């Protein structure tokens, strides 16, 4: 799809009405540290795509990365894990903006799988790139693949603003507020490490207690 281009923090990315709308929406829903995080994630993902010459839909990559954390906040109460709740919001945003079902589903997958690299990295290019950019920014996955000077331009433009501490506090709040959404994802680790009294059911028990004879 032919699109206009823009340069953000020395990264060339598409410039479309949908992306501008996603950026405006992101500004309304994120704290500053999270807004900077989703921008960096997008720019890291686009940089990786350029370096590896990965053909992809730039609009879908932009919307998926920009909206992947829309439910990461202190008002989260579930009832499903925050990635799924966020994926529904992102897909609705896309469809309300005129995106067709196939492309909107790619956005849903990008958001729902953003913290599950063992799956997301092996999906369609848009989903895989979204996952890669986010994981690079959060846990340093493939950190050295992007040259230091290119990373620095991005992080200087969109500083981290104490993201490690602020994100940890947010994760722990979500564990306390909706523990049933955390048992099969990374929030479980924050619960076990940081939240007194947190415990989880065991998959072993689920299998052994299944209502069958054998």
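Values in this text are rule-based calculations from the coordinates and carry no lab data. Note that the structure is predicted; figures quoted are calculated from it, not measured. Neighbour counts run over all protein chains shown; Cβ positions are idealised from the backbone, glycine included.
Some notes on this structure:
- Distance between the modelled labels on residue 188 and residue 3, one decimal in nanometres: 3.6 nm (7 Å Cα→Cβ projection).
- If you wrap the stretch 87-172 in the convex hull of its Cα atoms and look at it from every side, the mean projected area works out to 6.9 nm².
- Its relative contact order, with pairs defined as Cα atoms under 8 Å and 6+ residues apart, puts the stretch 24-89 at 32 percent.
- Here the calculated FRET efficiency for residue 20 and residue 50, from their Cβ-Cβ distance with R0 = 22 Å, stands at 0.55, rounded to the nearest 0.05.
- Per-pair calculated FRET efficiency, R0 = 25 Å: residue 80 and residue 209 via Cβ, rounded to 0.05: 0.65
- Full extension of the chain between residue 199 and residue 169 gives 9.0 nm of extra length, using 0.36 nm per residue less the Cα-Cα distance.
- Seen against the Cα atoms of the chain and their longest principal axis, helix 82-96 is set at about 40 degrees.
- On Cα atoms only, tilt of 148-157 relative to the major axis of the chain in degrees: 80
- Ratio of the Cα radius of gyration of the stretch 120-214 to 2.2 N^0.38 Å, where N counts its residues: 1.47
- Its relative contact order, with pairs defined as Cα atoms under 8 Å and 6+ residues apart, puts the chain at 22 percent.
- Under a Gaussian network description of the chain, with springs only between Cα atoms under 10 Å, the residue in 190, 171, 44 that fluctuates furthest is 190.
- Label point 7 Å beyond Cα of residue 119 along Cβ direction - residues of the stretch 39-66 with amide nitrogen under 19 Å: 64-65
- Compared with the direct C-alpha span, the chain from residue 148 to residue 92 gains 16.5 nm at full extension, assuming 0.36 nm per residue.
- Taking Cα atoms only, the orientation of helix 101-112 departs from the longest principal axis of the chain by about 60 degrees.
- The simple Förster model, with R0 at 35 Å and r as the Cβ-Cβ distance, assigns residue 100 and residue 141 a FRET efficiency of 0.70.
- When every Cα-Cα distance of the chain is counted in 10 angstrom steps from zero, the calculated P(r) takes the values 8, 34, 35, 16, 5, 1, 0 percent.
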